[in-house]
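Here is the structure we will look at, set down as structure tokens.
Values quoted throughout were computed directly from the atomic coordinates according to the rules given, and no laboratory measurement underlies them. Predicted model only: the values in this text are computed from it and were never measured. Positions of Cβ are backbone-derived with ideal geometry, glycine not excepted, and every protein chain shown enters the neighbour counts.
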Amino acid sequence: MSKTQGRSTIADVARQAGVSKATVSRFLNHRDTLLSPEIAGKVEAAVKQLGYVPSPMAQALKRGRSRLIGLVVADITNPYSVAVLRGAEQACREAGYLVMLFNLGNESERESAGIRALTSYKVEGFILNTMGRDAGAVLETARQGKPVVLVDRLHDGLDVDFVSLDNRQAISLSGGHLLDAGYRDLLLVTEPLGTVSSRIERARAFKAFVAEQGSTVSGHSVESRAEAPELLDQALQSLRKGAQARPAVITSNAVVTLRVVEAVARLGWRLGRDVGLVGIDDTPWAPYVGPGITTVSQPTGELGRLAAQCLMQRLAGSTIAARKILLPGTLMSRGSTQPS
């Protein structure tokens with residue numbers, strides 16, 4: 001008799017061999033060490049005949065290890081999240097772990113739900129790139145002894161390893177490049193700041209950078225919302241109208257960069273000629289939009305790998321003080337900051 005539909009279970013093997021499920025379990029976990037040769041032979045024959053394959057998850061849980069890592073990201077449509085995921089997944093795989101992903105879709109109220117959902121799968125640790133608005137579930141996870149590593153965004157009250165772009169360096173690099181190109185009136189465009197630490201840090205760094213330049217440079221910030229593109233259009237028009245010299249925009253991530261590109265097109269402007277643009281986050285399409293968009297490239301793959309490596313060290317028993325690892329960005333100069 002062979003099972004032709006569906007996946008065979010331990011109960012199927014037990015019926016085929018004429019033994020109990022406990023006997024089959026002993027055979028699968030200890031081979032024939034706890035069974036007579038005759039019983040072991042019956043079970044082995046039934047396993048082969050039915051093509052039974054033990055569930056890796058079930059076997060892992062019996063050993064007390066799932067070999068699963070939970071990864072929660074704020075927005076999987078953001079190129080940054082995808083690149084970090086790729087780096088983290090590769091490092092986890094090399095260490096013998098699998099990654100389970102939960103995408104928040106930028107809905108902060110889902111943070112606790114996502115973390116609890118992954119916890120139910122017995123993940124051994126977490127890599128989090130979340131909205132930072134609901135630390136309750138994260139704190140509870142840390143109290144339960146599951147290691148947590150944060151990427152890009154901090155949680156108040158959570159003293160754990162943190163891996164991120166050096167936001168101050170990225171803003172200074174962007175602003176310095178624009179000043180060298182002759183731009184003097186600057187606008188920082190961000191997504192709504194809320195409690196997202198990376199957005200807040202970049203806004204603060206921009207304000208500090210402008211202040212350091214004295215009266216020779218003017219700078220303002222605006223929060224962009226996808227549902228209100230007209231507000232961005234108005235901000236760009238005000239920038240250009242009030243500019244004493246060449247106006248330019250710094251965008252806080254690739255999502256906002258694309259919104260600014262769309263707004264410039266709606267206004268009938270040309271990048272580089274009518275307004276300069278530097279976007280934090282490089283993307284595959286950045287070189288091909290207009291004259292090419294100047295960006296600050298984040299070491300996203302390395303950020304993901306470092307986050308995974310920190311987590312592996314914690315899982316191996318490391319008790320060193322929580323680390324804050326900041327990596328520099330790299331300027332990719334293109335036509336959007338080259339006035340013609």
Per the C-alpha gyration tensor (a ≥ b ≥ c, the square roots of its eigenvalues), the range 248-340 is rounded if a/c is under 1.5, else prolate if a/b beats b/c, else oblate; here it's prolate
Filtering trypsin sites (Lys or Arg not before Pro) in the range 185-225 by DSSP loop and by at most 12 other Cβ atoms within 10 Å leaves ARG225
Toy charge model, Lys and Arg Cβ at +1, Asp and Glu Cβ at -1: the range 214-299 dipole around Cα centroid in debye, rounded to 20, equals 340 debye
Percent antiparallel among DSSP beta bridges confined to the chain, nearest 5, equals 5 percent
For GLU38 and ARG323, extending 7 Å from Cα along the Cα-Cβ vector and measuring point to point gives, in nm, a value of 6.0 nm
Taking max minus min of the Cα coordinates of the chain on each principal axis, largest first, gives extents in Å of 92, 44, 31
Close lysine pairs (the chain; alpha-carbon distance under 20 Å; 8 or more apart or on separate chains) counted at 10
If HIS155, HIS220 are placed from fewest to most neighbouring beta carbons inside 10 Å, the sequence is HIS220, HIS155
With the 8 Å Cα cutoff and a minimum separation of six or more residues, the chain has a relative contact order in percent of 18 percent
Ordered by fewest other Cβ atoms within 10 Å, a rough proxy for footprinting exposure, TYR121, TYR97, TYR80 read TYR121, TYR97, TYR80
Of all stretches in the chain that avoid GluC sites (Glu not before Pro) placed in a DSSP loop and having at most 15 other Cβ atoms within 10 Å, the longest is 108-226
In debye to the nearest 20, the charge dipole size for the chain, taken about the Cα centre with +1 at each Lys and Arg Cβ and -1 at each Asp and Glu Cβ, equals 1000 debye
When ASP282, ASP159, ASP274 are arranged by how many other beta-carbons sit within 10 Å of their Cβ, fewest first, they go ASP159, ASP274, ASP282
Extension length gain for LYS241 and THR77 (0.36 nm per residue less Cα distance), in nm, is 55.7 nm
Taking R0 as 56 Å and r as the Cβ-Cβ distance between GLU227 and GLN313, the FRET efficiency 1/(1 + (r/R0)^6), rounded to the nearest 0.05, comes to 0.85
Env charge @ GLY87, Cβ radius under 9 Å, K,R +1 / D,E -1, value 0
Nearest 10, in degrees from 0 to 90: the angle of helix 300-315 to the longest Cα principal axis of the chain is 40 degrees
Given backbone amide H placed at 1.01 Å from N, residues whose amide H is under 5 Å from that of GLY125, ignoring those fewer than 5 places away on the same chain, are GLY70
In the chain, taking the dipole from +1 charges on Lys and Arg beta carbons and -1 charges on Asp and Glu beta carbons about the Cα centre, the listed residue (VAL24, VAL249, ALA316) farthest towards the positive end is VAL24
A student applying the Cα gyration tensor rule (rounded when a/c is under 1.5; otherwise prolate if a/b is larger than b/c, oblate if not) would label the range 293-340 prolate
So, with points 7 Å from each Cα along the Cβ direction, the LYS48-ASP180 label distance in nm works out to 7.1 nm
Rounded to the nearest 500, the 222 nm mean residue ellipticity computed for the chain from DSSP H runs (n ≥ 4, each -39500 (n - 2.57)) alone is -13500 deg cm²/dmol
